[in-house]
Amino acid sequence: MFSQILVTNNFTVDDGLAYSEVTCAYRDYRGILWLGTSSGLSEWNSVEFNNYYAEDGLPSSLIKSICEDENNTLFVATDEGLVYKKGERFLFPKNLPNELKSKINEIYLSRNNKFYILSENSGLWIKEKNEFRRLELVNRDRDFVPISILEKKNGDILIGTRSSGIFQIIDNKIKRVIFEPVYGKFPVVDLVERGDSSLCAALKIQ
């Protein structure tokens with residue numbers, strides 16, 4: 001028996017979507033739907049699309065992830081850095097380290113209001129108010145590239161990597177908890193917790 005998914009809307013560039021390749025989606029606290037694409041950011045207000053591009057402050061047209069922080073400020077992770085929305089513009093945050101002006105793979109706000117930033121070239125960061133801090137990697141794994149994040153029902157934060165297995169954040173430090181040979185070959189692009197608390201990992205077979 002297969003479950004069925006009811007599709008109620010099918011947006012295309014003909015409807016005003018910035019581009020046909022959607023990379024991520026996020027619904028903000030007002031109910032506005034944000035769609036990241038490989039060629040710009042689209043805002044759907046239930047009536048029409050508003051699109052944002054480089055001329056609006058986005059450092060790259062390739063949108064990787066979208067998330068609000070604890071103050072409901074909208075942040076956008078791009079292929080060339082992290083920005084936030086102020087009015088109709090996107091700006092680099094004050095005190096943003098240069099390391100976070102490059103490719104960001106994922107951003108996530110946990111249930112206890114910790115804002116995580118998974119960067120391609122400089123590891124895992126956390127934003128606390130207006131300050132940015134890189135979390136310490138216990139294993140000193142030079143190949144640690146975080147690309148996915150899961151908050152389990154018990155509050156544990158797990159990090160999937162490009163080629164180093166699965167890590168967990170413990171006392172604001174990053175420690176490897178699962179390393180199977182297959183994880184050294186394929187990126188862990190997503191993590192899902194099942195109802196029995198067991199873990200499913202989606203791998204990108206290249």
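The values are calculated or read from the model by the stated rules, or taken from the named source; none is laboratory data. Everything numeric in this text was worked out from a predicted model, so none of it was measured. Here the Cβ positions follow ideal geometry from the backbone for every residue, glycine too, while neighbour counts run over all protein chains shown.
Quick grid of which residues meet (1) closer than 22 Å to residue 156 by Cα; (2) among the basic types (Lys, Arg):
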position: 96; (1), (2): no, no
position: 101; (1), (2): no, yes
position: 108; (1), (2): yes, no
position: 117; (1), (2): yes, no
position: 121; (1), (2): no, no
position: 127; (1), (2): yes, yes
- request: Say whether the condition of being crowded, with 19+ Cβ neighbours inside 10 Å, modelled with pLDDT of 90 or more, of a type in the set (S, T, N, Q) and not assigned by TED's automatic domain parsing to the domain that holds residue 72 is met by at least one residue in segment 188-204.
  value: no
field: When residues of segment 154-173 are limited to those that are modelled with pLDDT of 95 or more and outside any strand (DSSP E or B), the one surrounded by the fewest Cβ atoms within 10 Å (Cβ to Cβ)
entry: 154
query: What residue, among those in segment 174-200 that are in contact with a Ser or Thr (Cβ under 9 Å, 6 or more places away or on another chain) and part of a strand (DSSP E or B), is nearest to residue 104 (Cα to Cα)?
result: 189
- prompt: With (1) surrounded by fewer than 20 Cβ atoms within 10 Å (Cβ to Cβ); (2) touching a residue at least 24 places away in the same chain (Cβ under 8 Å) as the list, and residue 87 as the residue in question, which single condition is left unmet?
  reply: (2)
query: Which of the residues belonging to segment 71-104 are assigned to a strand (DSSP E or B) and out of contact with any Pro (no Cβ under 9 Å at 6 or more places or on another chain)?
result: 74, 76, 77, 85, 86, 89, 91, 104
query: Looking at segment 61-70, which of its residues are among the polar types (S, T, N, Q) and not in a loop (DSSP other than H, G, I, E, B)?
result: 65
message: Given the criteria surrounded by fewer than 13 Cβ atoms within 10 Å (Cβ to Cβ) and on the phi > 0 side of the Ramachandran plot, does residue 94 qualify?
response: no
message: Can you pull out every residue in segment 99-125 that is touching an Asp or Glu at 6+ places or on another chain (Cβ under 8 Å) and among the polar types (S, T, N, Q)?
response: 102, 105, 110, 113, 119, 121, 122
query: Can you spot a residue in segment 139-147 that is within 23 Å of residue 197 (Cα to Cα) and of a type outside the set (S, T, N, Q)?
result: yes
Pick from segment 123-140, criterion surrounded by 17 or more Cβ atoms within 10 Å (Cβ to Cβ) and either touching a Lys or Arg at 6+ places or on another chain (Cβ under 7 Å) or aliphatic (A, V, I, L, M) (or both), ranking: farthest from residue 79 (Cα to Cα): 137
